[in-house]
Amino acid sequence: MELSRNRDLPRTEHKQEFVRSLFDRIAPRYDLMNRLMTLGMDQGWRRAALDAVAVQPGELVVDLATGTGDFAELAVARGARTIGVDFAKGMLRAARRRRPTGLFVQTDAGRLPFRDGSAAVMTCGFALRNFTDLDGVFAECARVLAPGGRLVLLEVDEPRSRLLRWGHALHFRHVVPRLGALLSDTEAYRYLPASATYLPGEQELITRLETAGFTRARKRRHLFGAIQQIQTTRA
């Protein structure tokens, strides 16, 4: 695979297949790596995200880039109906092993096979930087959500404090790749920290959500600013 000038990132035209192959490879140890990288805090962030959009029993929740189904599993525990979507077969196999009765669909987040206005809530955890067409994904979210439907996003971020940024960079850019090389896949866990460069800044992200048809976007920070949570409402 040809890489860009940043040796850990694929060229734009190769990104989708690069990311698909990467997540297929790391699926068997994905949950283990997530718990180790976040010291087990990632599930708490997902619970806080579901609290923020007040998931109710019976509501349909669509989880984009579901991976092994963490968000979907937590939404089901609240009585919601869930559909997890992902384009990596390996991730979906792992999700179905965790929840054999769950509904998981292999599809592109930019071309969702759902009716207009059919979902009450959409979630997406740590995947924005992996999409090749972020605006197209946001437009699809707005199409699939009913008016007044809620969207919540979790992603990495950088702390504001210089000292905390240094500690975060040490962990994210040095510890995580070494841990990934030891326990999972060297290339994948070099890419995942480097891919944060794909993320738009806070105001740009909110502007792009508003352009897609969302309103009242709010940001919450977790882990001293290393994790961002964006919640917004379909206009």
Could you tell me which numbered condition LEU9 fails, if it satisfies all but one of (1) surrounded by 15 or more Cβ atoms within 10 Å (Cβ to Cβ); (2) touching a helix residue (DSSP H, G or I) at 6+ places or on another chain (Cβ under 9 Å); (3) at pLDDT 95 or above; (4) farther than 22 Å from LEU223 by Cβ?
(3)
First in region 100-119 and touching a residue at least 12 places away in the same chain (Cβ under 8 Å) and buried (at least 18 other Cβ atoms within 10 Å of the Cβ), second anywhere and of a type in the set (A, V, I, L, M) and assigned to a loop (DSSP other than H, G, I, E, B), Cβ under 9 Å, 6 or more apart
ALA109/ALA65; ALA109/ALA127
Selection within region 61-75 - closer than 11 Å to LEU50 by Cα and surrounded by fewer than 22 Cβ atoms within 10 Å (Cβ to Cβ)
LEU74
When you scan region 193-209, do you find a residue that is outside any helix (DSSP H, G or I), over 18 Å from the mean Cα position of the chain (by Cα) and modelled with pLDDT of 95 or more, even just one?
no
Kindly provide the set of residues from region 90-149 that are in contact with a strand residue (DSSP E or B) (Cβ under 6 Å, 6 or more places away or on another chain) and of a type in the set (S, T, N, Q), ordered by number.
THR107, THR123
Is one or more of the residues making up region 142-153 within 17 Å of GLN16 (Cβ to Cβ) and either in contact (Cβ under 8 Å) with a residue 24 or more places away in the chain or surrounded by fewer than 18 Cβ atoms within 10 Å (Cβ to Cβ) (or both)?
no
Residues of region 210-231 being assigned to a helix (DSSP H, G or I), aliphatic (A, V, I, L, M) and within 24 Å of ARG165 (Cβ to Cβ), which ones?
LEU223
Quick test for you: out of LEU182, LEU163, LEU192, LEU199, pick the one residue that is out of contact with any helix residue (DSSP H, G or I) (no Cβ under 6 Å at 6 or more places or on another chain) and either surrounded by 13 or more Cβ atoms within 10 Å (Cβ to Cβ) or touching a residue at least 24 places away in the same chain (Cβ under 8 Å) (or both).
LEU192
Output the residues belonging to region 206-219 that are surrounded by 15 or more Cβ atoms within 10 Å (Cβ to Cβ), touching a residue at least 24 places away in the same chain (Cβ under 8 Å) and in contact with a helix residue (DSSP H, G or I) (Cβ under 8 Å, 6 or more places away or on another chain).
ARG208, LEU209, ALA212, GLY213, PHE214
Considering residues that are hydrophobic (A, V, I, L, M, F, W, C), surrounded by fewer than 16 Cβ atoms within 10 Å (Cβ to Cβ) and either under 15 Å from the mean Cα position of the chain (by Cα) or within 20 Å of GLN231 (Cβ to Cβ) (or both), the number found within region 24-47 is 1
Any hit, region 223-235, residues being closer than 18 Å to ALA65 by Cβ and small (Gly, Ala, Ser):
no
Among (1) among the basic types (Lys, Arg); (2) more than 24 Å from ALA196 (Cα to Cα); (3) surrounded by 15 or more Cβ atoms within 10 Å (Cβ to Cβ); (4) out of contact with any strand residue (DSSP E or B) (no Cβ under 9 Å at 6 or more places or on another chain) - the single one ARG20 does not satisfy
(2)
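The values are calculated or read from the model by the stated rules, or taken from the named source; none is laboratory data. The model shown is predicted, which means the values in this text are computed figures rather than measured ones. Here the Cβ is made from the backbone with ideal geometry for all residues, glycine too, and neighbour counts use every protein chain on show.
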